[in-house]
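Inspection log for the structure reproduced underneath, given as structure tokens.
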Amino acid sequence: MSYSEFTIETIEEQFALEIVEDCDLFLDSMPVEVPALLTQVLERFVPLAITINTEKARSELIIAPILAEFKLGFKEKLSLFSGIDFTVDQGSGLSGRCDYILSRSKGQLALGAPVLMIVEAENENIIGGIPQCIAEMIAAHLFNRQRRTLIETVYGIVTTGSLWRFLKLTDNRAYVDRVEYPLKQLDKIMGILTEVGGY
């Protein structure tokens, strides 16, 4: 079993996790000014990504530039990983490659202190990516606990590049934001990322 094979039902049963839907997680998050360079890059790349219309194109031309710019804004405070194996507990199915992981540690050579798991929605189906994202968040929580890293809350994103939906895992509850933020609200998305990153 791997992250992508989980369903909401198997997560609830296997991990005794309560999933809370229909909540406003980041209603009060303040927008953050989008760097001019990122705006220019997206103005050029988004139409191309939409025309190509594959998950890979959206990842490379929309999602990666946003996450890279966000990470660079915090220099040595955060690290960003893409496409790495994140097997935490093979017996529980918490294994597989993750699309993106944002870590609250400065090192890029090895993952430490994952705080945000990002899942690219397959076939532009955000709802379908939620179980995978929650499973990755559970793995990140376990990873941090095993290493005695004091991170109480792990966050998640399921995104098509054009739409962004946020999740939160704390205690034995996973919260799913009711709002899907469109790319035209990138300043709000950057504000939420800043809050999630802890800065």
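Considering only residues in segment 44-57 that are touching a residue at least 24 places away in the same chain (Cβ under 8 Å) and out of contact with any strand residue (DSSP E or B) (no Cβ under 7 Å at 6 or more places or on another chain), the one that is surrounded by the most Cβ atoms within 10 Å (Cβ to Cβ) turns out to be ALA49. Each residue in segment 127-166 was checked for being on the phi > 0 side of the Ramachandran plot and either surrounded by fewer than 23 Cβ atoms within 10 Å (Cβ to Cβ) or among the aliphatic types (A, V, I, L, M) (or both), and 1 pass. Looking only at residues of segment 41-69 that are closer than 22 Å to ARG97 by Cα, in a helix (DSSP H, G or I) and not aliphatic (A, V, I, L, M), we find that the one that is nearest to the chain's Cα centre (by Cα) is SER59.
Just one residue in the set ILE11, ILE50, ILE63 is in contact with a Pro (Cβ under 8 Å, 6 or more places away or on another chain) and β-branched (Val, Ile, Thr); that residue is ILE11. Among residues of segment 126-144 that are closer than 13 Å to SER4 by Cα, those with a Cβ under 7 angstrom from a residue that is among the small types (Gly, Ala, Ser) and crowded, with 24+ Cβ neighbours inside 10 Å, sequence gap 6+ or separate chain, pair up as GLY128/ALA121; GLY129/ALA121; CYS133/GLY156; ILE134/GLY156; ILE134/ALA174; GLU136/GLY156; MET137/GLY156; MET137/ALA174. Only one entry in VAL158, VAL179, VAL154 is in contact with a Cys (Cβ under 8 Å, 6 or more places away or on another chain) and either part of a strand (DSSP E or B) or touching a residue at least 24 places away in the same chain (Cβ under 8 Å) (or both), namely VAL158. As for segment 25-40, it holds at least one residue that is over 25 Å from VAL179 (Cα atoms) and either assigned to a loop (DSSP other than H, G, I, E, B) or not hydrophobic (A, V, I, L, M, F, W, C) (or both).
When you scan segment 93-104, do you find a residue that is within 22 Å of ILE11 (Cβ to Cβ), in a helix (DSSP H, G or I) and among the hydroxyl-bearing types (Ser, Thr, Tyr), even just one? No, segment 93-104 has no match at all.
Filtering segment 106-126 to residues that are assigned to a loop (DSSP other than H, G, I, E, B) and either buried (at least 22 other Cβ atoms within 10 Å of the Cβ) or touching a Lys or Arg at 6+ places or on another chain (Cβ under 9 Å) (or both) leaves LYS106, GLY112, ALA113, ALA121.
Looking for whichever is surrounded by fewer than 16 Cβ atoms within 10 Å (Cβ to Cβ) and under 25 Å from GLY91 (Cβ atoms) here; the options are ASP187, ASP171. Which one fits?
On inspection, the qualifying residue turns out to be ASP171.
When GLY83 is tested against (1) touching a helix residue (DSSP H, G or I) at 6+ places or on another chain (Cβ under 8 Å); (2) within 25 Å of THR153 (Cβ to Cβ); (3) at pLDDT 95 or above; (4) among the small types (Gly, Ala, Ser), just one condition goes unmet, and that condition is (1). Each residue in segment 72-89 was checked for being surrounded by 12 or more Cβ atoms within 10 Å (Cβ to Cβ) and touching a residue at least 12 places away in the same chain (Cβ under 8 Å), and 12 of them qualify. Of the listed requirements (1) closer than 19 Å to ALA139 by Cβ; (2) not in a helix (DSSP H, G or I), ASP22 misses just one: (1).
The values are calculated or read from the model by the stated rules, or taken from the named source; none is laboratory data. All values derive from a computational prediction rather than experimental measurement. Glycine gets a Cβ as well: all are built from the backbone with ideal geometry, and neighbour counts include every protein chain shown.
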